[in-house]
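Worksheet for the structure shown next.
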Amino acid sequence: MATSTKKSPENGQSSAASVPASPVSGNRIVTLDEFIIRAEKDFDYATGELTGLLRDIGVAAKIINREVNKAGLVNIIGVANSGENQSGEMQQKLDVYANEKLIECLKNSGECCAIASEENEDIIQVPPIGSKASNYVVMFDPLDGSSNIDVNVSVGTIFAIYRRKSDPSGPATKEDFLQAGTKQVAAGYVLYGTSTLLVYTTGRGVNGFTLDPSIGEFCLSHRNMRIPENGSTYSVNQGYYSKFDLEMRRYIDNCSDQNYGLRYIGSMVSDIHRILIQGGIFLYPSTRKYPKGKLRLLYECNPLSFIVEQAGGKAMNTQLKRVLEVTPSELHQRSTVAIGSPAMVDELKAFIERYSALPL
Ligand code: AHM
Ligand code: MG
């Protein structure tokens with residue numbers, strides 16, 4: 001039976017397992033919108049803003065999904081060499097398109113006061129609509145793994161929502177975005193895969209919704225997701241093996257010795273989604289090219305760590321610090337990361353402690 005933990009907006013997170021107190025019943029279809037509205041009732045201080053933001057992101061995800069799905073058709077249905085085609089926008093790179101759509105959807109409703117995107121150097125102010133001052137900021141990676149689009153491999157959108165720290169009567173500031181991941185009020189991802197899925201958490205467990213193209217709605221399909229305690233696959237770009245630190249090479253050797261399977265899609269959302277369902281560990285350690293790791297703390301590591309922790313998993317960087325407790329100093333800060341089944345993250349931790357030459 002579902003449990004309820006009433007919370008103020010200041011402490012947007014609780015321990016993992018709770019689901020909305022207003023349960024959704026039986027086999028009937030529960031849409032994302034319905035689920036969000038029901039869940040909102042469990043927050044004492046809910047004003048509808050967070051609900052509105054999640055709905056905006058859901059709408060943008062449907063638009064992005066439509067374009068991603070026909071990406072291979074661009075050259076067929078576009079007007080040859082004219083620079084234009086029937087949608088006008090399809091010839092843009094899809095990550096630029098996804099970025100614009102998310103910004104547009106969020107600006108239209110005015111439910112957030114500012115946006116930060118992996119695609120934009122600086123924060124984007126969202127002008128208030130009427131007298132409504134918003135309390136939230138949103139950050140996202142609009143199309144993660146976009147280099148995979150050309151070869152028809154799954155890509156994803158990742159997002160995180162925080163309460164602003166600055167005075168709501170003035171413009172948002174960079175400090176509103178430079179908050180530790182523990183301050184996330186909500187986070188999620190959209191996976192444009194064999195089917196399109198939206199998975200999100202508001203700090204009270206994780207739920208997933210599959211897009212039913214026949215009705216154009218995300219429908220609850222993965223209720224209260226829990227990551228397996230252990231797994232038998234590891235996910236890392238093993239091509240960089242010789243560029244990894246000793247402790248990481250020893251851990252990978254151990255994975256091989258133990259006959260763990262190697263699964264690496266090269267789209268973080270897809271790799272994390274598989275691990276959430278089947279168990280396993282995802283790694284992006286430092287390499288010679290990316291000494292601080294490749295992935296972005298704000299747009300990739302924090303939201304996916306929040307989701308995995310809420311599903312019962314663990315997420316740390318290779319300095320063994322919990323990812324969500326790192327206080328960012330830059331919008332586009334990179335981080336090393338190890339995310340996944342708790343037993344596997346603990347096993348990696350033991351290897352790092354044993355083999356690391358660096359003081360931890
Ligand atoms: P992107 O945001 O430029 O798409 O880069 C992030 C992606 C992740 O989805 C994926 O895990 C990683 O880059 C793959 O990197 P690599 O090709 O170095 O293994
Ligand atoms: Mg990315």
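The values are calculated or read from the model by the stated rules, or taken from the named source; none is laboratory data. Note that the coordinates shown come from a computational prediction; the quantities given were computed from them, not determined experimentally. No Cβ is skipped: glycine too gets one built from the backbone with ideal geometry, and neighbour counts run over all protein chains shown.
Overview of values
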read-out	value
Residue list for segment 104-147, restricted to those being in contact with a Pro (Cβ under 9 Å, 6 or more places away or on another chain) and either within 16 Å of ligand 1 (Cβ to nearest atom) or farther than 17 Å from Pro171 by Cα (or both)	Ser117, Glu118, Glu119, Met139, Phe140, Asp141
Failed item, numbered, when Ser166 is tested on (1) surrounded by fewer than 17 Cβ atoms within 10 Å (Cβ to Cβ); (2) away from ligand 1 (no atom under 13 Å from the Cβ); (3) in contact (Cβ under 8 Å) with a residue 12 or more places away in the chain	(3)
Index of the failed condition, Val326 passing every other in (1) crowded, with 19+ Cβ neighbours inside 10 Å; (2) farther than 12 Å from Gly340 by Cα; (3) touching a Lys or Arg at 6+ places or on another chain (Cβ under 8 Å); (4) not basic (Lys, Arg)	(3)
Residue that is farthest from Asn99 (Cα to Cα) [pool: residues in segment 290-329 that are within 16 Å of ligand 2 (Cβ to nearest atom), charged (D, E, K, R) and part of a loop (DSSP other than H, G, I, E, B)]	Lys292
Number of the condition not met by Thr157 [criteria: (1) within 16 Å of the chain's Cα centre (by Cα); (2) at pLDDT below 95; (3) within 15 Å of ligand 2 (Cβ to nearest atom)]	(2)
Every pair of residues 6+ apart whose Cβ atoms lie under 7 Å, when the first sits in segment 290-309 and is small (Gly, Ala, Ser) while the second is assigned to a helix (DSSP H, G or I) and at pLDDT 95 or above	Ser305/Gly181; Ser305/Val323; Ser305/Leu324
Breaking point among (1) more than 23 Å from Gln184 (Cα to Cα); (2) away from ligand 1 (no atom under 16 Å from the Cβ); (3) within 19 Å of the chain's Cα centre (by Cα), for Ile265	(2)
Strands (runs of 3 or more DSSP E) wholly inside segment 98-197 containing at least 3 residues that are in contact with a Ser or Thr (Cβ under 9 Å, 6 or more places away or on another chain)	136-144, 155-163, 184-192
Number of the exception - Gly216 against (1) surrounded by fewer than 15 Cβ atoms within 10 Å (Cβ to Cβ); (2) more than 30 Å from Ala71 (Cα to Cα); (3) touching a residue at least 40 places away in the same chain (Cβ under 8 Å)	(2)
Number of the condition not met by Leu348 [criteria: (1) away from ligand 1 (no atom under 15 Å from the Cβ); (2) closer than 26 Å to Ile161 by Cα; (3) among the aliphatic types (A, V, I, L, M)]	(2)
Segment 133-160 - residue that is of a type in the set (D, E, K, R) and surrounded by 24 or more Cβ atoms within 10 Å (Cβ to Cβ) and, of those, farthest from Ala60 (Cα to Cα)	Asp144
Some residue of segment 280-289 being surrounded by 24 or more Cβ atoms within 10 Å (Cβ to Cβ), under 20 Å from Phe159 (Cβ atoms) and either assigned by TED's automatic domain parsing to the domain that holds Lys70 or in contact with a strand residue (DSSP E or B) (Cβ under 7 Å, 6 or more places away or on another chain) (or both)	yes
Filter result (part of a helix (DSSP H, G or I), surrounded by fewer than 24 Cβ atoms within 10 Å (Cβ to Cβ) and either charged (D, E, K, R) or within 16 Å of ligand 2 (Cβ to nearest atom) (or both)) within segment 261-278	Arg274
